[in-house]
Every structure is written in structure tokens, then in C-alpha cells.
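Below is one structure; the comments refer to it alone.
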Amino acid sequence: MLFNSATFIIFLFLVVILYWSLPHKPGLYVLFISSYVFYGFWRIEFLSLVIISTLVDYFAGLKIYSSQNQKHKKYYLFLSLFMNLGLLVYFKYLLFIIDNFNSTASLLGLNFNIPHLNIILPLGISFYTFQTISYSVDVYRGFIKPEKNFVTYATYVSFFPQLVAGPILRAGEVINQLKSKRSFNIENINIGIRRVLYGLFLKVVLADNISQIVDTGFSQNISFLSAIDVWTLAFLFGFQIYFDFSAYSHIALGSARLIGIEFPENFNFPYLATSPRDFWKRWHISLSSWIRDYLYLPISGRKVLDTSKGGLATAADSKQGKLYNFLPLFITWAIMGLWHGANWTFVFWGIYHAFLIAIYRLTSVLHFNISSKVKGFLGWGFTLLFSMLGWIPFRAKNLDDTFKMLGKVFNPYEYNFLGLRENDYLIAALIMISVLVAYFISKNLKPIRKFTKLIYPVAEIVQLVIIIILVFTFLRPISQFIYFQF
Amino acid sequence: MSNRFSLIILITAFIISFVLLQIFFGNAKATNFEELALGHETSSFFYRYKDHPINISELDSLDKYVEGWKSRGSRNIILWLGNSQLHGINQYKGGDNTSTGYFYKHLMNADYDLLSFSIPNANLQEHYLLFEYLKNILPVKKLIIGVCFDDLRENNIRDNLIPIIKKNRIRNLLILTATGKSIVNVDLTNPGNDDLAALNETIQKYSERSLNNWLNDNWYLWNIRPEIRGQLFNDLYMLRNTVLNINPTSKRKMIKSNYNNNIEALKDIYLSAKESNIEVFTYILPIRQDVKIPYDLNEYKSFKIYLASLNVAQKDHLFNFENIIPSKYWGSKDATMFGKKDELDFMHFQAAAHKILSDSLWNNINGYLKNN
């Protein structure tokens, strides 16, 4: 089910009413069944994959915990990994593998072609498989005890607010909340509704409207784009994907909050980051943290953490600047890229970010005689420019287009004309200014409230009225969330 | 702030929002934004002959045209493609006619029927699409195409032309050219006016459609949402113009990529016409000359030279009509800025000027009609 639809609003309203009007145990059943209904509204046949993944990991978790023999524990862990990664490889990467195999064979002059299969990518498979993998691994590591109640465990895996596009949460963060005694409070309802509203605003008003400019821009003949156009498109797509994905997270956090469950934040003004490391503390925090604990730290041979907070950056503290530490960094980022999509453009995007982090690590140990404010400002400027530029491979059709577009940015002769509509530059600039203003307000909310005691509630009503009117006017499922395709 | 007070603020905001929507849009009627763009001094006038349209703007009117064409003897057709200049009459008075109407009268004794298809700000890719479609369903023998430099900034295929691309026969023809291919590709990704585009092939499509239909039938504000969106975009456009002091005389630079796509579309029209043995007459649209035109003059000059180079083999099939309309026949249109009344209209003129355009065209192509 799409969040940006009237059906979801009605669905959420009914689930919340039903959940709070029933005692705890039946309430849990409501969440479990409604989560499957939520997924089934996309394509009911793919619900079987969620069920298989849930069942295998449920039993694997119990077996890993109860086995006394280390070998057996490993065997059950392997079973869980094999099943989840197998599903992921089959549904997400098999076509990519076949394509590359066929291309390589043709390059080598071999005369055979593996025929294409008609495979549909199941919605949210990258998210729920990662979540269930983390569960089995955490049980294996002894971080958590397996959940004995199947309905509780299945609800954790399929919990509708985060089933199809995250945040990717650890069992410890959700299961305990599902099990603990709940109490209805107004704060949750108030915050929940507001988060859902903000999310819908970001998606249907901002992201969906920016997407039309971005789609047009990226479909143009690249030879007619200037370097300034490439920058503009990079910024516009950067805003689109940020609004789109943070919208999803807002609605997920808000919906969960309406039933009394708190998720950790997934975004924190990423375009205000002052370094590439800082960026990954602020962008898709739950995925970065997952990659940190189940990929980067294990292959770096370092101690893992047990939280979906902090992002990938917290892992880089101790050995930064050491060359031998770069191989795991690049491997991790290539995989991180590939997780986003079965295309070399995503691998390039991952490696590009690994480069940024590597350069940051190497240069951050150097000491410059400049004030911390200037350093922070320069850091912000460079991080913003290069993280935005990083969206080019993410959005471009293929590597060829990526290199052509990036090539323009580094060619001074490509800066002497404009190839987009005047509005496109204006919109990109206005959004950047708005993001800065929003950041300033959110950072200074307390003092603003203090000095505008009487005006503040009025200002808040005005803000909410604008959001409600715009959401009402623009709410329609014309496009999916970008992260659905991952 | 207490939670209770915060919730009261939220509820208050909801109430105010819907009260405001009701006040401003509760009795709103469907707005024709294309009509609105013409302004109060210019009226749309689609020429009809004996209750059947000769000049149309929508595919929906095509059946009615075909009905009339058959009743008139199913003669070979001259197809005239243009923008709103063809159907917009400034200072309209009863009995006025458009260039289509005057031209049709010229044709009364010729062996040709006329179909004039005018779409506001139509770009050449849209013309290409229409041409491919119409020449496949009607016996088009001549094509008159008006080229407006300003419209070459446009690149999108509007939603109401998308049904053409969905027709397999036309789709198969389109993919033979670069322009056609890109039009077909756009169609694949463009949700167009399908509000449920993201739900294709999902079960939710059925619930969402039923819910939307029910809401449309039972809640006026829900039904009028497309109008509210249109109004919001129009206000934003006016705000931009006001803040940046953009008016009709502000210079509009060429958008290289869009310009190139449109020129390529024109080449494809020529090629397709040649293959189908259709004679093409191209003219550069009249533009008012009493004030500085809103183009980069070097770009405009290059455009005219390039257009001539495309028609070098048939120089007498390209007509430059940019200067043919005297100043007195041009009018004004509604302001596109807040706080202003009227603005110069560079596109639409009075009925007398329609006659001039029609006569100029007739004088230039009359001979070719007799020869065939």
C-alpha cells in the first residue's frame, strides 16, 4: 500500500482506532494482520516471500539460541543468510548477473546468450531481508534472545510502517516495545499525526513536483546540457530524493508513533553535514548503521555495535588515515551501492562516496591554521557540493551518461551557457535557501518559542494550515517512493 | 507547550484549513486555464461549417470533424497545424472569423477540405505526433505548418495527446524516428493525468479508484482539487513574474535541448511527409513589430536561417509572415503580474489580421492546389 494515497489514510485511521480499542494481545494481532493486509495491497502473491523469510528466521533464531554446539549455531545462521541473500540475489540481482554474463560472453566473442527471465522485484525485499538477517546475526552474536512468540516476531518483521522502505530496525528496538505494556497518550497521537502530515507534504507537494523537472532534465540530450545544468540537476535530484525518502521515514515514524511505538530518526538535515563522515551520520541512518554492524566492522575486524543509530561514520574513529583501512571501506561502499540497485551506476555511486570518505580521512589529520567556524563552513560547502554531485550516477541512466555529465562539471568551457528552463535554476536555489531556513528554525526553536510566546501558536497554526491545504490538494498516488525500487 | 494544547492547535489548524478551502473553492467552477491564458480581450473561436468543426483543438472533436468531412464529400485534406494564434481573436465581435474560417472560404471551389488543428503553445514534437496520426487516418495531401520560435522552448507532449501514443499502429510508426522514439519513451514514464499512475498492477488500484470516485461524488472540495492545484500554480507563476519583474517583453532565451528536439521533429515531419507524398508549406508566425520582440535577436535570426536551409530545395514552400500584421491589429492580454492590469499580447490579433494571414497563405499556395 502506498503511503501517499487516500486508501492509506483510511487504513491507518482504522488500524489506530482498532488497536487502541482492544486489549494488548488482540491489539498485537491487529498489527500483525493489518501489516499483511498492507503488503497484500501491493501484490498478494509476494506476501509468501515475507512469510517464508519470517518463518525461516524465526526457527533459525530459536535453533541458534538453543544449540549448544557452535557448529550447529553456525549452520543455522548460514541457513538464515543463505535463504535471505538467496531471495535477494534471485529477485534483485539475477537479471543484472545475466546481463553482465551475456555482455562478457559477447565481448569474448562467445556465441551464447542466457535468455532473460521475467522477474518482478518484490516490494521492500531489500529492507525486510536485511532486517531478518540482523535478527539472526544478533541472536548468534548473543546480543538478543530469540523471540518465542511467533506473532510478535512476525509483527516485528512485517510491521507496516517500515516494511517496504525502512527504517531498518533491530529486533531489540521494536520487539520490546511490541511486548511491553502500552498506554494511550495524547503526545503520541499529536506527534504521530504531525509526522504523517509533514511526510505527506514532503512527498506529494515537494518531491512529486520536483520529480517532473528532474525527469525532464535527465531525459535530455546530454550534449545540450551545460556544467551549470548538471549541477542544477544534481541539486534538484538531491532534494527530490531527500524529500521523497525522508517523507517515507516521517510517515513511518508517525504511523508507528500513533500506535505508541517509537522508531529512531532516519534523517537529520544531511545537506547541512560538514564532512562526508558527518553526511553518513545524517542520511538513511538505519541503513548506514546496518552496513556498519553487519558488513564494515566485521570485515575490518573490529567490534560491532548494537543499534540502528549513529550511521556508518561512527565506525571510522579509531584507525582513520591508515591505508590498510581503506580496502574494507571500498568493499563496503561498493556493496552499499549495489544494495540500492542492480546497476553499475550504483556501484560507482558507492565507490564515489568511499573516495570522499577516504579523502576526508586523509585530510582531516592535517592541521590548518583557520578558525573552526571557517573550517566548518568550508567543510559544509565541499560536502554539499560533492554529495550532490554524487547523485548524478544514482539518477543517470547508465555509466556512459554519468561520465558525460560529470565530465562537464570539470570542463571550464561547459560553464558558458544554460540549457534548462529559467525556473529550474530558480527552484533549485529557493529549495536550498528553504532547507537552510528550516535548519536555522529547528536549531533555534526553543529560543524562538521563548521570545514569541503569544505569536508562536498562531505561527504554528498558519504553518499547519498551509501544510494541510497543500497535502489535501496534492494527495494522489502519481508516483511511488524512490526507495521502493531498492 | 502542553500536549493537550499542542493537539488543540493541530485540530484548530484542520478546522481552519477546511473552512478556508470551503470559502475559496466551495463554489468554484472548473477553470479552463488555456482560456484564462488568452486573457479577457481574446476569445477562442473555433470555425465550424454547417455545425461541423473545421478548426479543432482536442482529439475528442475529431469524430465530429470526420462526420462533417464525410458529409462534404470526403475530399482530400489540407491539414493546418498551429498554436492558439489560429483560434484566438482579439476584441472579438459577432461575425468575426479566424484565419481558418477565411482560408476555408478560399477553398470552397477547390478540391480540398481543411482540417485546422490548433493547440496553445504547441511544440513541433506535438505537431509531429498529430501529423503521424492524422495522415494515417485521413487522406491528408497538403500540410501547412506554422512555426513559432517561442514555442520551440516547449518540450512536453500534453496529456490529451497521449492516447495517440497508446495506439499500436501509430506507436510502431513513431519508433522509426528519433523524435518518435523519445515521445514513446516519455509516455512510458509520464503519469500524465492519471492520478493513480503509481498503483498500476496493484490491488490498491481498485480500492483507491473506488474511494476516489466516492469522494468525487460526495465531496465537492475533493472533486475540485485539480482546479485548486491549477490555481496554485497560476498564482506561483504570477508571484514569480511580479518578484522578478518578468513581463511579455522580457527576453526569452532559447532552450538548446528543447529547440534541438523541436527542429529534429520538424525534420521528421518533412521526411514523413515526403515518404507519404504530402506537400508541406511552412510559415513563420506573425509577431507584433511595434515593440521590441521578446527573443534574443541573434538566436531568432539563426533560427530563420536554419529554417530556410531546411527548405532550400523548395524555397517557395517557406513563408516568412513575421511582419505581415500591422500594429493596429495587435491587442493586449491579462496581466501575468500581480497589481498590473493588461500586458502586450505578442501572439493574438484581431479578425482583420486573421484575414491578412489567411490571404497571405492563400496567395502563396493557391497555385500548388490548382496544379494537383
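Cβ-Cβ under 6 Å, sequence separation 6+ or interchain: first residue in the range A:175-192 and over 17 Å from A:P161 (Cα atoms), partner part of a loop (DSSP other than H, G, I, E, B). Which pairs?
Close Cβ pairs satisfying both conditions: A:R182/A:G260.
Applying the selection to the range B:242-275, what residues are more than 10 Å from chain A (Cβ to nearest Cβ) and acidic (D, E)?
If the condition is that a residue be more than 10 Å from chain A (Cβ to nearest Cβ) and acidic (D, E), then B:D268, B:E275 are the ones that fit.
Got a sec? Which of B:N234, B:N200 is in contact (Cβ under 8 Å) with a residue 12 or more places away in the chain and more than 9 Å from chain A (Cβ to nearest Cβ)?
Criteria check complete, one pass: B:N234.
Among the helices (runs of 4 or more DSSP H) lying completely within the range A:165-232, list those that include at least 3 residues that are within 12 Å of chain B (Cβ to nearest Cβ) and polar (S, T, N, Q).
A:208-218
Assess whether B:I284 counts as being within 14 Å of chain A (Cβ to nearest Cβ), among the hydrophobic types (A, V, I, L, M, F, W, C) and closer than 22 Å to B:N123 by Cβ. Walk me through how you get there before you give the answer.
Numbers: within 14 Å of chain A (Cβ to nearest Cβ): no; among the hydrophobic types (A, V, I, L, M, F, W, C): yes; closer than 22 Å to B:N123 by Cβ: yes.
Spelling it out, it is not the case that B:I284 is within 14 Å of chain A (Cβ to nearest Cβ), among the hydrophobic types (A, V, I, L, M, F, W, C) and closer than 22 Å to B:N123 by Cβ.
Could you tell me whether the range A:387-395 includes any residue that is under 16 Å from A:T274 (Cα atoms) and hydrophobic (A, V, I, L, M, F, W, C)?
Yes, because at least one residue in the range A:387-395 is under 16 Å from A:T274 (Cα atoms) and hydrophobic (A, V, I, L, M, F, W, C).
Let me confirm something: among A:A428, A:A438, which residue is under 16 Å from A:L225 (Cβ atoms), outside the structural domain of A:F326 (by TED's automatic domain parsing) and under 29 Å from the mean Cα position of the chain (by Cα)? Steps first, please.
Numbers: A:A438 fails: under 16 Å from A:L225 (Cβ atoms).
Testing whether each residue is under 16 Å from A:L225 (Cβ atoms), outside the structural domain of A:F326 (by TED's automatic domain parsing) and under 29 Å from the mean Cα position of the chain (by Cα) leaves just A:A428.
For (1) away from every other protein chain (no Cβ under 12 Å); (2) farther than 26 Å from B:R153 by Cα, each residue gets a yes or a no:
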| position | (1), (2) |
| --- | --- |
| A:M405 | yes, no |
| A:R421 | no, no |
| A:L426 | no, no |
| A:Y456 | no, yes |
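Out of all the residues in the range A:167-196, which are more than 22 Å from A:V157 (Cβ to Cβ) and aliphatic (A, V, I, L, M)?
A:I186, A:I189, A:I191, A:I193, A:V196
Have a look at A:N113, A:N149 and point out the one that is of a type outside the set (A, V, I, L, M, F, W, C), at pLDDT below 90 and not assigned by TED's automatic domain parsing to the domain that holds A:S249.
Every option except A:N113 fails the conditions.
Which one of these is more than 23 Å from B:L310 (Cα to Cα) and either without any contact (Cβ under 8 Å) to a residue 60 or more places away in the chain or in a strand (DSSP E or B) (or both): B:I170, B:I183?
On the way: B:I183 fails: more than 23 Å from B:L310 (Cα to Cα).
Result: B:I170 is the single residue among B:I170, B:I183 that is more than 23 Å from B:L310 (Cα to Cα) and either without any contact (Cβ under 8 Å) to a residue 60 or more places away in the chain or in a strand (DSSP E or B) (or both).
Working only within the range A:386-402, note down all residues that are more than 19 Å from the chain's Cα centre (by Cα) and without any contact (Cβ under 8 Å) to a residue 60 or more places away in the chain.
A:N398, A:L399, A:D400, A:T402
Rundown of residues vs (1) crowded, with 24+ Cβ neighbours inside 10 Å; (2) modelled with pLDDT under 95, yes/no style:
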site: B:N109; (1), (2): no, yes
site: B:Y112; (1), (2): no, yes
site: B:S116; (1), (2): yes, no
site: B:I119; (1), (2): no, yes
site: B:L124; (1), (2): yes, no
site: B:F131; (1), (2): yes, no
site: B:L134; (1), (2): no, no
site: B:V140; (1), (2): no, no
site: B:I145; (1), (2): no, no
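Could you figure out which of (1) facing chain B (nearest Cβ under 9 Å); (2) farther than 28 Å from B:R229 by Cα isn't true of A:W391?
(1)
Could you list all residues from the range B:49-76 that are among the polar types (S, T, N, Q) and closer than 16 Å to B:T98 by Cα?
Correct list: B:N55, B:S57.
Six or more apart or on different chains, Cβ atoms under 9 Å: show the pairs whose first residue is in the range A:448-475 and outside the structural domain of A:N209 (by TED's automatic domain parsing) and touching a residue at least 40 places away in the same chain (Cβ under 8 Å) and whose second is among the hydroxyl-bearing types (S, T, Y) and part of a loop (DSSP other than H, G, I, E, B).
Taking only residues 6 or more apart or on different chains, the pairs are A:L475/A:S5.
Going residue by residue through the range B:100-111, is there one that turns out to be on the phi > 0 side of the Ramachandran plot and out of contact with any Gly (no Cβ under 9 Å at 6 or more places or on another chain)?
Checked the range B:100-111: no residue is on the phi > 0 side of the Ramachandran plot and out of contact with any Gly (no Cβ under 9 Å at 6 or more places or on another chain).
Give the residues of the range A:229-265 that are closer than 30 Å to A:E414 by Cβ and polar (S, T, N, Q), sorted by residue number.
Answer for the range A:229-265, where residues must be closer than 30 Å to A:E414 by Cβ and polar (S, T, N, Q): A:T232, A:Q240.
Give me the pairs: first residue in the range A:5-27 and at positive phi, second residue surrounded by 20 or more Cβ atoms within 10 Å (Cβ to Cβ), beta-carbon distance under 9 Å, and six or more apart or on different chains, which are they?
Qualifying pairs under 9 Å: none.
What do you reckon, is A:L79 without any contact (Cβ under 8 Å) to a residue 40 or more places away in the chain, more than 14 Å from every other protein chain (Cβ to nearest Cβ) and over 26 Å from the mean Cα position of the chain (by Cα)?
So A:L79 fits the description; yes.
Kindly indicate the residue of the range A:13-70 that is polar (S, T, N, Q) and surrounded by fewer than 19 Cβ atoms within 10 Å (Cβ to Cβ) and also nearest to the other protein chains (Cβ to nearest Cβ) among those meeting that condition.
The selected residue is A:S48.
Residues that are acidic (D, E) and surrounded by fewer than 18 Cβ atoms within 10 Å (Cβ to Cβ): which helices (runs of 4 or more DSSP H) entirely in the range A:380-467 hold 2 or more of them? Break it down into steps so the answer makes sense when it comes.
On the way: elements: A:391-395, A:399-409, A:422-443, A:445-451.
Of the helices (runs of 4 or more DSSP H) lying wholly inside the range A:380-467, those with at least 2 residues that are acidic (D, E) and surrounded by fewer than 18 Cβ atoms within 10 Å (Cβ to Cβ) span A:399-409.
The values are calculated or read from the model by the stated rules, or taken from the named source; none is laboratory data. Because the structure is predicted, anything quoted here is derived from the model rather than measured. In this analysis, Cβ positions are derived from the backbone assuming ideal geometry, glycine residues included, and neighbour counts consider all displayed protein chains.
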